[in-house]
Every structure is written in C-alpha cells, then in structure tokens.
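Each remark here refers to the structure printed beneath this line.
The values are calculated or read from the model by the stated rules, or taken from the named source; none is laboratory data. Computed from a prediction, not measured in an experiment: that's the story for all the values here. Cβ coordinates were reconstructed from backbone atoms using ideal geometry, including for glycine residues, and neighbour counts include every protein chain displayed.
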Amino acid sequence: MYQEDIKGEIRDLLRKRNAVLLAHNYMRDEVQEIADITGDSLALSMEAARTDADVIVFCGVHFMAESASILSPDKTVLLPRLDAGCPMADMVTVEGLLEMKSRLPGVPVVTYVNSTAAVKAHSDICCTSANAGRVVDSLPDSEIIFAPDRNLGSYVAKSSSKKFHFWDGFCPTHERLRPEQAARLKAEYPDALFICHPECNPAVTALADHACSTSGMYDYCKKSPAKRFIIGTEAGILYRLKKENPDKEFILASPALICPNMKLISLEDILASLTHMSPEVRVPEDIRVPAKRALDRMLAVPRD
C-alpha cells in the first residue's frame, strides 16, 4: 500500500474515532507530516487535553503516552508501538528514588518529564527542558534532588545557587554527541551558530551559542538572522526546521543523533492502532493522581 493511501485511511479513521494524532518533534518525517499536532512531549499532552477528542494517538515513547493519560483520564490513549520506550526514563526507578530520598530527608525531588508516571508520583514537582530553571528557582529549599537527567541538571545548576543531588541518568542519543565533533564543525563552518539540547553532555553545551528545548530551537532559528546552524539534538527536528526556514541551512552535529525508539512508529503502526484501538496506555488512579499533582505544581510556576 502506498504512503498516500495509508495516510488517507488514517485520516478517515481519525474522523471516525474522533481522535487526535500527536507526533513528537523526533518522529519520522512522514509521521510528523500527517499529525494534527507536533511538538514537545508535555506540550502535546496539554494540547490534546484541551481538545474534544475521545481518543489520543500518541506518536512518541511510553512516558509521553502516560503523560497524556495523566492529563486526560477520560480519553483513550493509544501508543502505536508499546515497545517505544525511553532509556533515560528507565534509568530511574521508584525503589531507587525512594532510597535516595531516605538518604536526603526533606530534600525536594525535581523530576524531568522524561520519566515514568510512577516516578512522577513520588516527586515533588516536575520540569521540562524549557522551564527547569524556573521550576528550580521557584522552590524555597537550598538543596534539591534532580532526576533523572544529570546533563539537564548540570546545565540548570550552572545558573543556580542551590545544591544539586543528581540522579545518574542521561539520554543515550544526546550523550553520543561528543565535544570534539561539535568543535570540528564550528571550525569548519565559522559562520554557523551551534545550538544544542541541554540533554547533551556539559562539555558540548559549553560550546553552544544557544542551548534550549526542541520548541525553543524552532523559535530561535526562525528569529535569528543567521543562515546556517549546527543542530545538536535528535535528527527528527530537521524536518520542521527545514520546512519553516527554507532559506536556511541546517547541519546535524553528528550522524549518531538518531534515537531508535523515536523512529519505531510507522504509518502502518498508526493505521493498525486506530483499526484495533490498541495498544492502550492508561495510568492507574493511585499513580495518576500524585503524578498529576507534581505536574500541576510545575504548571503553577509563574512564567518569566
């Protein structure tokens, strides 16, 4: 079956099911192309919660579908590939976090949204890569536990007076970008701006002209007068960057910046998921309620 035929069947089923199709910025190009909404993980869940859709088809990884279920318990959340997981999210466990909390009594836990619902349920507040600094600053405490991403935590800690206790987690894809690769490209393209995700190694972010979330990259590249950019995040972001900035050049900082989990979901998977209304992701209430509390506390933090 040709891609356009599959896309047509998907659109028909989306209308029939009163469903909304979400695609993370790192998804395959053809998946982003057909999505109703594209964006960062939590922003997608928040937008989906505001729609009148009965069904959310989340093209992302497992923790993202969980976030959609946390915010939209009355909706059916489908994840076309249940094996689409996140290695970073899997690096922190409830048992491990509870043990760390017992060693640091009274120290609040700030948890990156790239984590399981169960871990969020044992956290004081969540953060995204875009608002992590504001979330940390909003807490009156002088010390925090930051989980699971040591790289994002280190990036935030540079501009904070608080003492950080890092969970030793990381994104394997962003970790594969080495500082020598970034330095070599900066030397090769001296007119290019190097922008990277704060999930990158601190030695990489130290070389960046700007470090920000994927949504921040779209805004930055669109507003910048520069015509050439070296991109230090997952390759899927190039689809929209090129689409929105046809007069600008984007150079991927490393061919290793491809997340295999983010590339699992195909058009065929989406069609099968809508046809059979499975696999479904639903967070149990005893986990959903405290996890939502941590997300709500984050959303209550004033914006700049």
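Brief remarks follow.
- Looking only at residues in the stretch 237-257 that are assigned to a loop (DSSP other than H, G, I, E, B) and in contact with a Leu (Cβ under 9 Å, 6 or more places away or on another chain), the one that is farthest from residue 185 (Cα to Cα) is 248.
This table checks each residue for (1) surrounded by 21 or more Cβ atoms within 10 Å (Cβ to Cβ); (2) part of a helix (DSSP H, G or I); (3) within 14 Å of the chain's Cα centre (by Cα).
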| position | (1), (2), (3) |
| --- | --- |
| 133 | no, yes, no |
| 136 | yes, yes, no |
| 140 | no, no, no |
| 146 | yes, no, no |
| 156 | yes, yes, no |
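- The residue of the stretch 246-256 that is surrounded by the fewest Cβ atoms within 10 Å (Cβ to Cβ), among those that are touching a helix residue (DSSP H, G or I) at 6+ places or on another chain (Cβ under 6 Å) and not aromatic (Phe, Trp, Tyr), is 254.
- Matching residues in the stretch 155-173 - criterion: being more than 25 Å from residue 117 (Cβ to Cβ) and of a type outside the set (D, E, K, R): 157, 159, 160, 161
- Flag for residue 202 being closer than 16 Å to residue 133 by Cα and surrounded by fewer than 23 Cβ atoms within 10 Å (Cβ to Cβ): yes
- Entry remark, the stretch 1-48: residues being part of a helix (DSSP H, G or I), under 17 Å from the mean Cα position of the chain (by Cα) and within 22 Å of residue 70 (Cα to Cα) number 8 in total.
- Residue 36 being in the same structural domain as residue 15 (by TED's automatic domain parsing), more than 24 Å from residue 216 (Cβ to Cβ) and of a type outside the set (Lys, Arg): no
- Residue count for the stretch 251-304 satisfying the condition of being free of Cβ contacts under 8 Å to residues at least 24 places away in the same chain and under 17 Å from residue 11 (Cα atoms): 1.
- Residue within the stretch 183-192 that is outside any helix (DSSP H, G or I), over 19 Å from the mean Cα position of the chain (by Cα) and of a type in the set (Phe, Trp, Tyr) present: yes
- Elements of type helices (runs of 4 or more DSSP H) contained in the stretch 59-123, each with 2 or more residues being within 17 Å of the chain's Cα centre (by Cα) and in contact (Cβ under 8 Å) with a residue 40 or more places away in the chain: 62-71, 87-90, 117-121
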